[in-house]
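I have placed the structure first, in the form of structure tokens, so that the comments after it can refer back to it.
The values are calculated or read from the model by the stated rules, or taken from the named source; none is laboratory data. None of these values were measured; they are calculated from a predicted model. We place every Cβ from the backbone using ideal geometry, glycine too, and count neighbours over all the protein chains shown.
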Amino acid sequence: MHTHVQKTRFVLLAAMASTVVFAGLPAAAQAEYVQPIIHHAPMGTVKIVVPVTSADPGVWAFKLRNIANSEKGAKAWKGKLQARVVLYGPGLKLLEQPMDPALQATVDQLRSEGVKFDVCNNTLKGMNLDWHSLYGVKESDIVPSGFLEVGYLGEQGWVVDPMN
């Protein structure tokens, strides 16, 4: 029967031995990208709703970059992307002015490609915001509830981007 001290020594020795073994292994090499040959059916029309509820510009950039890349990908694969960005809660800050010029250019580009930006009226009311103060928002862009709009679009066959 081992005493507590013996058990502790055994655990420490085992940990040290595994450290020595793993320390002797070479670090995993990072390979360069190699273009794969991809076989895929034509995309057709892909409808996706992208909820934005974060005030984090990093999240905005990631989501908007995904939409822009998907626009290009859909065209390359004989398809068409229909995208709707639904802004509610702190996500409404994406369109608050003054805007970062790069963000404004991205929003303009996406709008020119047909991406619609929906704005939650519940959030406007809750934050006491005038929709006129948001960049490029028209009255027709306002939906009763952003959260509910995401669900509604999902019921209409739109895929919901799960990352938020």
Item to complete: Kindly state which helices (runs of 4 or more DSSP H) lie completely within segment 24-141 and contain at least 1 residues that are over 21 Å from Val159 (Cβ atoms) and within 18 Å of the chain's Cα centre (by Cα).
Response: 57-76, 101-112
Discussion item. Looking at segment 122-163 only, could you name the residues that are aromatic (Phe, Trp, Tyr) and over 12 Å from Tyr88 (Cα atoms)?
Written reply: Trp131, Tyr135, Tyr152, Trp158
Practice prompt. State whether the residues of segment 29-47 include one that is at pLDDT 95 or above and touching a Ser or Thr at 6+ places or on another chain (Cβ under 7 Å).
Written response: no
Worksheet entry | Pair list, Cβ under 6 Å, 6 or more apart: segment 36-62 residue closer than 15 Å to Val115 by Cβ, other residue aromatic (Phe, Trp, Tyr) | Lys47/Trp158; Val49/Trp158
Practice prompt. Being in contact (Cβ under 8 Å) with a residue 40 or more places away in the chain and under 15 Å from Val115 (Cα atoms) is the filter here, so list the residues in segment 129-149 that pass it.
Written response: Tyr135, Gly136, Val137
Practice prompt. Among the residues of segment 125-148, write down those that are farther than 19 Å from Val50 by Cα and in contact with a helix residue (DSSP H, G or I) (Cβ under 6 Å, 6 or more places away or on another chain).
Written response: Trp131
